[in-house]
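Novice: Pasting a structure below so you can have a look.
Every number in this text was worked out from the coordinates using simple rules, so none of it is lab data. Here the structure is a predicted model, which means the values were calculated and not measured. In this analysis, Cβ positions are derived from the backbone assuming ideal geometry, glycine residues included, and neighbour counts consider all displayed protein chains.
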Amino acid sequence: MNTSRACSEVWVEGISAYLPHHYLCHDDLAVRTGTDPEKYARGLGCTSMAVLHPMQDSVTMAAEAGLSLLTSYGVDPASVGQLIVGTESGVDWAKPVAAYVHEMIGLSPRCRTYDVQHACYGASAALSSVGAWIASGMAAGRKALVIATDVARYDDGSPGEATQGAGAVAMLVGDSHTGVLRPDLGMEAVYSSQVMDFWRPGHRSTAVVKGKYSINCYLAALAQTYQVHREAGGEGIDELDYLLFHLPFPRMSEKALGKLMEAECGQVDEETFSKVLREKVNPGVEAARIVGNIYSGSLYLALASLLENRGARCTGRRVGLFSYGSGCCAEFFTATIGDSNECWKGRTGVERTSTSSTRIGVETYAAFRRETSRLNSDDSFKLGHMPCADSVPPDARYVYLGYRNQKRVYAPGPAGRIARVGSQVGRVSRSVPQPVGPTT
Ligand code: HMG
């Protein structure tokens with residue numbers, strides 16, 4: 001029996017991202033699509049995009065991020081009372097990603113598990129929900145794990161293709177009065193509107209988007225939420241030290257800042273704009289330049305990017321965060337960064353990825369796309385027939401093998417030691433992964 005203990009502070013106690021091992025440079029994509037590379041570099045602000053290996057998916061990325069977080073923060077899995085996955089890359093119409101992840105990272109059966117879907121807003125909705133659970137006292141000292149996980153996929157050769165990315169960000173939420181970020185409770189600046197700016201019909205693996213319209217929807221939602229925030233007495237841009245935005249592509253941050261400054265002071269001179277952009281916005285944008293859009297995790301990757309970039313210099317600082325999910329639902333909220341960078345130094349996953357990634361060319365990128373489609377079609381599982389097995393990331397603790405008898409089959413990856421997979425613990429060879437869990 002848990003004893004209720006209401007609390008006035010809720011903390012994101014830890015953060016850990018899993019970002020794919022492979023990346024494609026935009027200069028190479030530009031050759032493939034016949035585009036001026038400057039459009040990608042200056043127009044969109046990106047240099048490369050993370051490409052997920054076909055034998056990984058939103059489930060394996062979420063498990064990787066969750067395991068890294070539990071390990072690096074020394075969390076007892078039994079203390080986790082809720083696991084909520086924010087995703088728009090679900091692998092099943094009924095079964096949530098959270099159900100697989102719950103087993104893969106070895107959480108207790110006494111844990112609520114579910115997914116939240118609202119395009120890129122899912123993880124923010126999850127954070128809000130677990131915040132209320134903890135503040136109300138229902139959590140009774142237990143922690144919540146929120147994991148944002150997504151693979152951004154657009155049609156080959158479409159304008160959206162250059163904004164693709166993939167990744168997962170896990171956040172531990174609790175009441176320990178210390179950690180990475182303390183979101184302000186009690187203020188709610190949200191906005192919803194039924195718009196068809198970006199969506200993915202159930203029969204498609206790639207998103208449909210009205211690009212320019214989606215940018216307008218994003219900016220309208222930002223203006224609306226910021227106005228609510230200001231009318232409720234929230235701080236303005238001058239009083240906030242940093243601004244973090246959902247980043248469908250890095251240059252969106254400039255458009256977003258422009259919108260806020262316009263709302264705050266009407267016309268803005270270029271010098272002031274550049275200074276605010278450089279000091280308050282850019283530290284959160286760096287990771288997106290090399291990773292791309294990771295959808296529900298994008299805002300939280302921006303947080304990880306800021307923490308890694310600024311280190312001890314951002315401790316105790318005030319930050320404004322804007323979350324946007326197409327369709328649409330948006331939220332502007334504020335928070336205080338924790339007062340010791342020991343809470344995140346070397347643990348966010350952002351540093352690790354920039355030093356251990358492998359560049360691929362357009363042929364490999366195209367092969368990964370083809371193999372991903374094949375592996376996600378009916379009964380694709382064929383043990384011994386894994387064309388991409390040799391390029392599985394060496395750090396993968398789980399791999400996806402395809403469908404067998406209508407079930408997704410996962411196996412331990414080359415990284416070997418797995419916390420727990422059903423009743424099996426172990427290591428498998430790099431080239432011939434053996435399935436685990438109930439596959440028949
Ligand atoms: P596009 O048609 O490829 O590009 O669409 P463009 O013609 O608009 O050019 C983009 C920028 O590059 C422009 O700058 C051009 O001037 C510039 P801007 O006018 O914006 O300042 N440009 C150049 N610069 C230098 N040298 C050149 C050159 N050529 C052009 N040679 C778009 C771009 C982002 C719309 C497209 O990539 C797309 O559809 N992306 C996907 C949708 C998206 O990202 N929407 C953003 C808001 S919606 C959102 O955030 C939600 C989302 O994350 C999903 C979810 O919630 O789940 C997407």
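Novice: How large, in Å, is segment 11-359 by the Kirkwood hydrodynamic radius built from its alpha-carbon pairs? Could the numbers behind the result be given before it?
Specialist: On the way: mean 1/r = 0.0501 Å⁻¹.
Here the Kirkwood hydrodynamic radius works out to 19.9 Å.
Novice: What is the gain in length, in nm to one decimal, between MET196 and ARG359 on full extension, counting 0.36 nm per residue of separation less the C-alpha to C-alpha distance? Display every interim value, and only then the final one.
Specialist: Details: separation 163, 0.36 × 163 = 58.68 nm, distance 3.49 nm.
Result for the pair: 55.2 nm of gain on full extension.
Novice: Pairwise over distinct Cα atoms, reciprocal of the mean inverse distance: report the Kirkwood radius of segment 13-90 in Å, one decimal place.
Specialist: Details: mean 1/r = 0.0658 Å⁻¹.
Hydrodynamic radius (Kirkwood, Cα only) of segment 13-90 equals 15.2 Å.
Novice: Oh, and also: Can you put TYR191, TYR410 in order, fewest other beta carbons within 10 Å first? Show your work: numbers first, answer last.
Specialist: On the way: TYR191 19, TYR410 25.
Arranged by neighbour count, lowest to highest, TYR191, TYR410 become TYR191, TYR410.
Novice: Another question, then. Return the distance in nm (one decimal) between the two label points of a simple spin-label model at GLU351 and MET187, each offset 7 Å from Cα along Cα→Cβ.
Specialist: 3.1
Novice: Which of the GluC sites (Glu not before Pro) found in segment 229-295 are loop residues per DSSP with 16 or fewer other Cβ atoms within 10 Å of their Cβ? Display every interim value, and only then the final one.
Specialist: Values: sites: GLU231, GLU235, GLU239, GLU254, GLU262, GLU264, GLU270, GLU271, GLU279, GLU286; in loops: GLU235, GLU239.
Answer in residue order: GLU235, GLU239.
Novice: Which distance in Å, rounded to a whole number, links the C-alpha centroids of segment 102-149 and segment 14-59?
Specialist: Using only Cα atoms to place each centre, the spacing works out to 29 Å.
Novice: Here's another thing I want to ask about it. Within the set of other residues whose C-beta is less than 12 Å from the C-beta of ILE147, count the net charge using Lys and Arg as +1 and Asp and Glu as -1. Don't skip to the answer; put the middle values down first.
Specialist: Working: positive: none; negative: GLU64, ASP115, ASP150.
Summing Lys and Arg as +1 and Asp and Glu as -1 gives -3.
Novice: Near ALA168, within a Cβ-to-Cβ distance under 11 Å, what is the net charge of the other residues, with Lys and Arg +1 and Asp and Glu -1? Don't skip to the answer; put the middle values down first.
Specialist: Details: positive: none; negative: ASP57, GLU64, ASP150.
With Lys, Arg at +1 and Asp, Glu at -1, the neighbours total -3.
Novice: For THR60, what is the net charge nearby, where nearby means another residue's Cβ is under 13 Å from its Cβ and Lys, Arg count +1, Asp, Glu -1? List each step's numbers first, then the result.
Specialist: Working: positive: ARG397, ARG408; negative: ASP57, GLU64, GLU103, ASP150, ASP395.
Charge balance near THR60 sits at -3.
Novice: Further question: How much mean residue ellipticity at 222 nm does the chain get from its helices, if each DSSP H run of length 4 or more adds -39500 (n - 2.57) and you divide by all residues, to the nearest 500 deg cm²/dmol? Show your work: numbers first, answer last.
Specialist: Numbers: 11 runs with 128 residues, N = 440.
Value at 222 nm, helices only: -9000 deg cm²/dmol.
Novice: Using a Gaussian network model of the chain whose springs link C-alpha atoms within less than 10 Å, name the residue from VAL91, VAL101, VAL31 with the highest mean-square fluctuation.
Specialist: Top of the fluctuation ranking is VAL31.
Novice: Also, quick follow-up: What's the magnitude of the charge dipole for segment 1-135 around its Cα centre, counting Lys and Arg as +1 and Asp and Glu as -1 at the beta-carbon? Answer in Debye, nearest 20.
Specialist: Numbers: 7 positive and 13 negative charges, 62 e Å.
Roughly 300 debye, rounded to the nearest 20.
Novice: Provide the gained length on full extension for the span GLN406 to ARG42, in nm with one decimal, where the gain is 0.36 nm per separating residue minus the Cα-Cα distance.
Specialist: Values: separation 364, 0.36 × 364 = 131.04 nm, distance 4.48 nm.
Length gained, GLN406 through ARG42: 126.6 nm.
Novice: Run the dipole for segment 11-359 about the Cα centre, Lys and Arg Cβ at +1, Asp and Glu Cβ at -1, nothing else charged, and hand back the magnitude in debye, nearest 20.
Specialist: About 440 debye.
Novice: So for the pair ALA366, GLU270, with labels modelled 7 Å out along Cα→Cβ, what separation do we get in nm?
Specialist: If labels sit at ALA366 and GLU270, their model points lie 4.1 nm apart.
Novice: Oh, and also: Give the peptides 153-160, 56-63, 325-332 in descending order of average Cβ contacts within 10 Å, highest first. Each step should come with its number before you reach the end.
Specialist: Numbers: 153-160: 15.8, 56-63: 28.9, 325-332: 25.2.
Final packing ranking: 56-63, 325-332, 153-160.
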